[in-house]
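None of the figures in this text is laboratory data; all of them are computed from the coordinates on show. Keep in mind that what you see is a predicted model, and the values were worked out from it rather than measured. Here Cβ is always computed from backbone atoms with ideal geometry, including for glycine, and neighbour counts include all displayed protein chains.
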Amino acid sequence: QATTNVRFTLDWRFEGPSALFLTALEKGHFRAEGLNVSIDAASGSREGVTRVASGTYDIGFGDINSMIRFRDENPTVDLKANMIVYDRPPFAIVGRKSRGITTDVKSLEGKKFGAPAPDAAYAQWPIFKTVNKLDDSKMRFENVGFPVREPMLASGEVDAIFGFANSSYINLKSRGVPENDIVVLHMYDYGVELYGNGIMASPAFLASNRAAVAAFNRGLVKGIRDTIADPAAGAKLVVARNDVARLDTETERLKMTIDNYVLSPWVKANGIGGIDPARMATAIDQIGLTFTFKNKPKPEDVFISDLLPAAADRKVA
Amino acid sequence: MHRSESAHPLRPFVELTGVSHTYATGGTLAVDGLDIRVNEGEFAAVVGPSGCGKSTLMKLATGLQFPQAGAVVVDGQEVRDPVKIAGMAFQAPTLLPWRTTLENLMLPLEIVEPHRSRLRRNKAEYVAKAEALLESVGLKGAGSKFPWQLSGGMQQRASLCRALIHEPKLLMLDEPFGALDAFTREELWCVIRDLHARMAGSLTVILVTHDLREAVFLADRIFCMSSRPGKIIAEREVGFPRPRDLEITYTPEFSDIVHDLRGRIAHARSTA
Amino acid sequence: MHRSESAHPLRPFVELTGVSHTYATGGTLAVDGLDIRVNEGEFAAVVGPSGCGKSTLMKLATGLQFPQAGAVVVDGQEVRDPVKIAGMAFQAPTLLPWRTTLENLMLPLEIVEPHRSRLRRNKAEYVAKAEALLESVGLKGAGSKFPWQLSGGMQQRASLCRALIHEPKLLMLDEPFGALDAFTREELWCVIRDLHARMAGSLTVILVTHDLREAVFLADRIFCMSSRPGKIIAEREVGFPRPRDLEITYTPEFSDIVHDLRGRIAHARSTA
Amino acid sequence: MDALGEFLLTSWPAALAIGVVGYIAWLLYKVIGASALDRTKLSLQLAPLFCTIGTFLVWELLCKAFAVSTFVLPAPSDIGLAIWQFRRQIGFHSFHTAWMTLAGFGLAVAFGIALGLLLGASRFFYAGFYPLLVGFNSIPKVAVVPILVIWFGVGWLPAVLTAFMISFFPIVVNVATGLATIEPETEDVLKALGASKLQIMTKVGIPRSMPYFFGSLKVAITLAYVGSVIAEYNASRYGIGNLMARASADFNVPLLFAALIALAILGVAMYMATVWLENRMTGWAQRSSFAAT
Amino acid sequence: MDALGEFLLTSWPAALAIGVVGYIAWLLYKVIGASALDRTKLSLQLAPLFCTIGTFLVWELLCKAFAVSTFVLPAPSDIGLAIWQFRRQIGFHSFHTAWMTLAGFGLAVAFGIALGLLLGASRFFYAGFYPLLVGFNSIPKVAVVPILVIWFGVGWLPAVLTAFMISFFPIVVNVATGLATIEPETEDVLKALGASKLQIMTKVGIPRSMPYFFGSLKVAITLAYVGSVIAEYNASRYGIGNLMARASADFNVPLLFAALIALAILGVAMYMATVWLENRMTGWAQRSSFAAT
Ligand SMILES: Nc1ncnc2c1ncn2[C@@H]1O[C@H](COP(=O)(O)OP(=O)(O)OP(=O)(O)O)[C@@H](O)[C@H]1O
Ligand SMILES: Nc1ncnc2c1ncn2[C@@H]1O[C@H](COP(=O)(O)OP(=O)(O)OP(=O)(O)O)[C@@H](O)[C@H]1O
Ligand SMILES: [Mg+2]
Ligand SMILES: [Mg+2]
C-alpha cells in the first residue's frame, strides 16, 4: 500500500492538547491508514487556518469560527472543516472572586478587562454580551499583550481577562492566585453556541486526496480514544517533543482540554467529530454578531460530513 | 636649438587654448583664457603666485576638471575623461592611509596597462623596481611603513615615486619638492633630469614650482602665471644644452635667466 | 649683541635636554639626544634634511609627544601636557573641513583664555581682527570659503594665521612658507618679522624651514640637525641688528652666513 | 483646526495622490524648458517616484500572474482599496504612532549621542559597557514589552520606551566609531592649543563624527518605528501597531498591509527630514563623486 | 566528536564559568609582575567582566530589595538556576540559532555591501531605491514572518531570511555613507591614473568605507539575532526563539530570561569576532585618542 505524505499543522505549540495528534502518530494509527504524517507547531489557532488555506500544509487543526470568517473574507478559497475536535470552544472570561467577579454575568458590568486585541476569546465578546444582554459601555477593555494578560490579573491591575480557559487557569494558579479565587466563565456555559477547533484540509489536497483526509480522520479518532484512555501517556509524547515542558502541567492541561472541550455531553452521546447542523446554524448566526457577513454560509458550506468514520466508530467514551 | 638632439619632430603634446575654469564649488574664475602649448618630449615649468591656478591647470590638463570654455588637447585628443597616460604627483601627498608606502607605490601598477596584467606574474620584479625607486629618493626601507608614519618630506617623495613607477608618457608634478631641504631637493632634480634624459624625447614633463632656480635648471620652457584669475603673463625658453650639470646653476647665464624671470613676475605683480 | 635692545634678561624659554623619542607606532628612533635651548623672546630656526626629526622636535616642545628619555622644559615648567601658551602652524595645513576659513581662524579664540570668555561679547571685534590678519597674508575675502576651496598655498597661509590669531607667547612654525612662491614668501617673512618686533621680546618663535636664506633673515639662532636619528650638529647665532630689511639678503655678510651653514650641513652629510 | 483635522483624516490619501501627481506635473513642466544638465537633476527627482510606482506595478502583476490570494500577499490594488476604506482609522493611528516614534527617537538621539561620546571619551567605559550594550541589543525588544507594560501599564509609555530602546544602539555605535576614526593630526590642532578633552570632543569629535551620526539616524528612525509598532501591537489602544493587531484578528490582510504601507510612508517622511538635515550639516563631507547629492 | 558534543551540551555553563574565572585568575597573575602601563591595559581587559558582574549584582539586589516576582523580572540567581536546569536545551537551541543567524548575517553582509556599493555608484539607483529600502525597513519584520512561513513552511528558511532582511539595511546605509564621504582628493589619485569607476570603487571606495562598514556590522549582527529569534518564535521547531515561545507558553519566565541571556552571550561572541576583524582591517583608521584599542 502506497503511503501518502501529509503535512499537518497544529493550532499551537506542542502542549498538552497536541497529545491528541501525537498519540495517533506515535501509536501508528496514521501509518496504519497509509499516511506518512509530519506535525508542525504553530503560534495561534488562526494560523492553522491560513496555513491550510494557502496550501503550505495539507491538513490543519484550527479554529472553526476563524475559518468561517476567513471563508467570508476570501470567497475564492473554499475551505471547509471535516471534523470537529473541540466540540465546545475554549473561549472564556477568567476573573477573580476577590475583585467581585462571580459566575453571574451581571458581575462583569463596570469592570476592567485585559483584552488582547488579537485574542480569539475577546473576539467573541459581541456574542457573549448580546446573548447575555450586557451593557458594556461602562466596562473598560485594555489591549494588553498575551504575555502580561495573566500577570496583570494576578497583580490586580485588571478584574478579569479574556482567554482560553485551560491556559489562563493554569497560568494564574502558577502565579500564586488561590484556586478558589479564580472564576472561569466558559462562554459555552453562557449561551455561546460556537464550535471550537477542528480539522480542515487544504482545498487542493482535498480535491486530490480525499481518501487520505478520511484516513487521517479515522486515525485521529483512534488517537483521541487512546489519549482519553491514558492522558499521561499522551502527555509524555508531548514532553518528548517539547524539551522544556513539564509532565504534570501538560497532563493537567490535556485533561482539562479533554474534559471541557472534547468530551462534551453531545460528544459522549453522539461520538466525536460530527456536527449538529442546527447548532452550526446558530453558531453561524452568532458569528454574524461579531462582523457582517458578505455572504452568510449554510452549515453544509463550512463542514463536510462524509469524511468521518461511521458514527459507531466515533464513540470515544 | 637645444631640441635638435631629439629624434621627434616638434609635435604639440599638451595644448590648452583659451581655457577658462570655475570650480563647481567655488564662485570665482580660477583660470581665465589660458593658452599653453607643450611639445612632445619637452620639459615645461609653470611658476606663479600662490592661488593663481597652477594646480587647476594641472587638473585641467589631466582631465580631473573640465573647463567651462576653451579646449584641452593632450596627445592629439581632446580631453573628455581623465587621461590615462599621465603620472601625477599632487601638491598634497595624498597617499592612501590603508596602504603601506610600498603598496601605495604599487597602486598605478594595479591600474595602468600593461603593468596591470603583468603584475601578478611578475610581482617580485615590480616590487624590486619600486624599492629601487624608493632608494633613489632616499627612502630606503620606508616601504613597509604606513604614510602617516612618514615625515612630510618623506610622504612627498613617496608620492613622487608613485607618479613615476608606471613610466608614464606625461609627467605632471605639482610642487614635488616643496617640503624638501636644499640638498635633497637638488639630488631629486638630478633624478628627474636623468629620467627625462633616459626617455629621450618620449617623456613630456610639466612641473609646477615656486623655485625659479629649479624651473630654470630643469625646464626647456617656463610659463609664468599671473594672480587670480590665472593667465599666462610670460613664456620663456631655456636654451642650456642637455645634459645639464648642477654646476650651471652657478653660472652668470643661469642667474641672468632667473633674474629676468623674477623681473617679469615682479613687473606683472606691480601692474596688477 | 643684537639682543641688547630686549628688556628681558636671557631666560631660557624652551629647553630640551638629551631628548630621545621613538613614536609609539614607529619602530626606530626619530630623534636622539637632542639638546636645544631657546631664550625668551628669541627667534630660533631649525634646519635639517627631510625626515631628520624637525616636526618631531616641534611636537615634543609643545607636548604633543612625550620623549622616552630626556627633559623638555617650556617657560620654566616640565612639559607633561600639551602646552597652553603656544600657537602652532603644522607642516600640513590641517584646517578643519567643516569650518570656513574664518571659522578655522577663530578656533583658537574659542579655546584659549582670555579670548574664550571675551569672544561672545566681542565677536565683531575678533572677526575684524581675523579678517585683517587674513588680508595681511593676501587672503582677503577668502574667509567665507571652506578650506578645500583654497589652493595649497592659501591653506598654508590660513593655517599660519590660525597660529597667530590668539597672540601666543610661543610660536611654533613648521615650514609655514613651503608652498609659497618667492614673492609671497618674502612678504610673509616681513609679516612675521614685524610681529616679532612688535612683541618686543615677549614672543619666542621656533621656525622649521628648508630655506637657509629664510632662516638667516629671520632668526637670531639657527640649529642644524643631522639625518635620522635627529641630532643637533651645529648651532649658530645670527648677529644682524633688528629691524632687518629684505635688502640685507643681498649683502655679502648674509651670503657668507648662508654659505657657512650650507658648508656645515654638506660636511655633516658627507661624513654621515 | 478641527475642520482641518477632519478634512485631513477623511481625505489624506486623496491629498497625497494629488500632491504626487502635481509634483510630477510640475517637474515635467520644468523639464520642457530645461538644459541638458537640468534634465539629469530632474530625472533624479523623478527616480524615487518611478521606482516606487514600478515596484508596486511589478508586485501587482506578480500577484495577478500567480493568482496569489489576498490572505497570503494582497496586491497593491487591494491594499489601495483598504487604505481608502479605512483612511480615517489609518490616518488617526498613524498620527499616534508618529508621535510615539518621534518621542522615542528623540530620546534615542539624545541618549545615543551622549553614550556614544562617553564610550569614545573613556576607554574603561568602552571596554566595560560595550559588551553589555551588545548583549542587550541582541535581545528582541518584543520580549521586553511585557515588562514595560507591567511597570508602566498600557499606554503611551511602553511605545515610546520601546522605540527608544530599539533605536539608540546604532547611534551609539556610529558615534563611537566616528570618534575612533578621527585622524590624530586633526586632534593635534586642538591639543596644541591646550584644549581640554571636552573641548576636543565638541570642536573636533562631534563635527567629525556627524557623517557617521547621520548614517546611523537613517537606521535608527526605521528601527524606532518598528519599536513603537511592536509595543502598540502588544500594549496600546491606539497606533498602527494596534490597528495591525486588530486587522490580523479580523483576517483583514489588506488592512494589515495598508497599515504597513502607512508605516512605510511615515518612515520615508522621517527619513527625508533626516536627509535634509544631513545635507545641511555635513555638506562639507559629501563632496565625493559617490555622494548622491 | 559525539562525546565532545555531548559534553558541551551538558556542561557548557560550567565550562563557561570556569573559563571566565580562569581568565580572571590569569589576568590577575599577570598584574602582579606588571609595570604601570600594563596595569592600565589589564584593567581594560578586566573591565567588561567587572561591569557585567556588577550589572548582574545590581539587578539581583534590586530584585531582592523590591521583592520583584519572578514572573515580572526574575533575579539573575533564578535565571542562573534556569540556565543550569535547562542547559541541554539552551545549548542545543543556541547552536541552532547561531547557525541561522550566521547564515542570514552572511547573506546580509554580501547583499548589504553589494547594494551599498550600488547605491554609492549610481545616483539614479540611490534616488530611486533608497526610499523603498527605508520604507521596507520601517516595517516590523515580525509582520513578514507569516508570509515567509506560507511560502517556505516552518523550518530554517524563514529564520535565515528574517535575519537577513532585518540586518542588511544598516550595512547598506553605512557603506553608502562611507562612499559618499570619501575626500575627492583621494579619488583624484585614482582618476588621474585613468582608473575605471569599478577600480576606484575597489581601490578607494571599499577600503575607505571599511570603518563605516564595521560600525554597521556591530549593529547588523545584533539585529540578525533578533531576526532569527522572532522567526523561530513563530516558525521553527528549533532555536532560542522557539525555546522562548515554548517557555512563555509555559509561563516559565526564568527560562525565558535564561534564553535571553544565552542570546546576549551569542551576540557578544559574534560582536567580539567582528571587533577582532575590525582591528585587523581598519587599524589604519583607528589612530585617534578616542579609539578604544
Ligand atoms: N576645489 C576647489 N573648489 C573651489 N575653488 C577652488 C578649488 N580648488 C582651487 N580653487 C580656487 O581656484 C583658485 C586657483 O587654485 P589653485 O589650487 O589652482 O592655485 P595654485 O596656483 O595651485 O596655488 P598654490 O601655489 O597655492 O598651490 C584659487 O582661488 C582657489 O581658491
Ligand atoms: N606618527 C608617526 N609615527 C611613526 N613614525 C613617525 C611619525 N611621524 C614621524 N615619524 C618618523 O620620525 C622621523 C622624523 O619625522 P619628522 O616628521 O620629525 O621629520 P621632519 O624633520 O619633520 O621631516 P620633513 O622635513 O620631511 O618634514 C621619520 O623617520 C618619520 O618616519
Ligand atoms: Mg597648487
Ligand atoms: Mg616635518
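Numbers below:
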quantity: Nearest-0.05 FRET efficiency for B:Asp245 and B:Trp148, computed from C-beta distance (R0 45 Å); calculated: 0.75
quantity: DSSP H segments from chain B that extend 15 Å or more along their own axis, Cα-based, with Kyte-Doolittle mean of -0.5 or above; calculated: B:101-111, B:123-136, B:152-164, B:182-198
quantity: Rh by Kirkwood over Cα pairs, then Stokes-Einstein D for the stretch E:1-67 at 0.692 mPa s and 37 °C, µm²/s; calculated: 227 µm²/s
quantity: Length gained when the stretch A:Lys133-A:Ala317 is fully extended (0.36 nm per residue, less Cα-Cα span); calculated: 62.7 nm
quantity: DSSP bridge orientation in the stretch C:155-245 - percent antiparallel, rounded to nearest 5; calculated: 50 percent
quantity: Residue with peak Gaussian network fluctuation, chain A [Cα springs, cutoff 10 Å], from A:Arg279, A:Arg88, A:Arg253; calculated: A:Arg279
quantity: For C:Met88, distant residues with modelled amide H under 5 Å away; calculated: C:Met172
quantity: Pairwise label distance in nanometres, B:Arg262 with D:Phe66, each label 7 Å out on the Cα-Cβ vector; calculated: 8.2 nm
quantity: Residue-averaged beta-carbon neighbours from other chains (10 angstrom radius) around D:222-234; calculated: 5
quantity: Efficiency of FRET between C:Glu237 and C:Ser270 - r from beta-carbon atoms, R0 30 angstrom, step 0.05; calculated: 0.75
quantity: Å³ per residue enclosed by the Cα convex hull of the stretch A:127-169; calculated: 93 Å³
quantity: Environment charge at C:His259 (Cβ cut-off 13 Å; Lys +1, Arg +1, Asp -1, Glu -1); calculated: +1
quantity: Kirkwood-type radius of the protein assembly as shown, with distances r between different C-alpha atoms, in Å; calculated: 36.9 Å
quantity: Choice from E:Gly80, E:Gly22, E:Gly104 showing the highest fluctuation, given a GNM over chain E with Cα pairs closer than 10 Å; calculated: E:Gly22
quantity: Net dipole in debye of the protein assembly as shown [+1 Lys, Arg Cβ; -1 Asp, Glu Cβ; about Cα centre; nearest 20]; calculated: 1520 debye
quantity: Subset of A:Lys138/A:Lys294; C:Lys54/D:Lys191; B:Lys54/C:Lys129 violating a 24 Å alpha-carbon distance limit; calculated: A:Lys138/A:Lys294; B:Lys54/C:Lys129
quantity: Mean separation of Cα contacts under 8 Å, 6 or more apart, over the residue count of the stretch D:14-113: relative contact order %; calculated: 13 percent
quantity: Tail fraction, Cα-Cα pairs, the stretch A:194-317, threshold 20 Å, whole percent; calculated: 55 percent
quantity: Beta bridges per DSSP with both ends in chain C, % antiparallel, nearest 5; calculated: 50 percent
quantity: Bridge type composition, chain A - antiparallel percent by DSSP, nearest 5; calculated: 60 percent
quantity: Spatial separation of Cα centroids for the stretch A:1-22 and the stretch A:252-290, in angstrom; calculated: 20 Å
quantity: Two-site FRET efficiency, E:Met272 against C:Lys140, from Cβ-Cβ distance with R₀ of 45 Å, rounded to 0.05; calculated: 0.20
quantity: Square roots of five times the Cα gyration tensor eigenvalues for the stretch B:41-173, Å; calculated: 27, 19, 12
quantity: Computed helical MRE - 222 nm, the protein assembly as shown, DSSP H runs ≥ 4 contributing -39500 (n - 2.57), nearest 500; calculated: -18000 deg cm²/dmol
quantity: At q = 0.17 Å⁻¹, base-10 log of I(q)/I(0) for the stretch A:122-235 (Debye sum, equal scatterers on each alpha carbon); calculated: -1.02
quantity: Whole-angstrom Cα spans of chain A along principal axes, big to small; calculated: 61, 45, 35
quantity: Dipole magnitude of chain C, debye to nearest 20 (Cβ charges: Lys/Arg +1, Asp/Glu -1, about Cα centre); calculated: 660 debye
quantity: Only Lys, Arg (+1) and Asp, Glu (-1) charged, at Cβ; chain E dipole about Cα centre in debye; calculated: 280 debye
quantity: Taking the convex hull of Cα positions in chain C, its mean projected area over all directions (nm²); calculated: 14.8 nm²
quantity: Phi-based couplings in Hz for the stretch D:189-205 (Karplus 6.51, -1.76, 1.60; Gly and Pro marked x); calculated: 4, 6, 4, 4, 8, x, 5, 6, 4, 5, 5, 4, 4, 6, 8, 10, x
quantity: Neighbour net charge for E:Thr282 - beta-carbon separation under 14 angstrom, K R +1, D E -1; calculated: +3
quantity: B:Val73 paired with B:Leu10, simple spin-label distance in nm, labels 7 Å along Cα-to-beta-carbon; calculated: 1.6 nm
quantity: Ellipsoid equivalent to the stretch D:88-161 - semi-axes via the Cα gyration tensor, in Å; calculated: 30, 16, 9
quantity: Over the stretch B:115-168: Kirkwood hydrodynamic radius from C-alpha pairwise inverse distances, Å; calculated: 11.7 Å
quantity: Longest to shortest principal axis, alpha-carbon extents of the stretch D:87-292, angstrom; calculated: 66, 40, 21
quantity: Quotient of Cα Rg and 2.2 N^0.38 Å for the stretch E:10-131, N being how many residues it contains; calculated: 1.64
quantity: Two-decimal log10 I(q)/I(0) for the stretch A:1-101, as the Debye equation yields it once each C-alpha is a single scatterer, q = 0.12, 0.14, 0.18 Å⁻¹; calculated: -0.48, -0.61, -0.91
quantity: Near-label residues of the stretch C:140-164 by backbone N, under 20 Å of a point 7 Å along Cα→Cβ of C:Asn122; calculated: C:161-164
quantity: Separation in nanometres of the label points that stand 7 Å from Cα toward Cβ, at D:Met281 and E:Ser77; calculated: 4.7 nm
quantity: Cα-based equivalent ellipsoid, the stretch B:187-272: semi-axes from gyration tensor eigenvalues, Å; calculated: 25, 16, 10
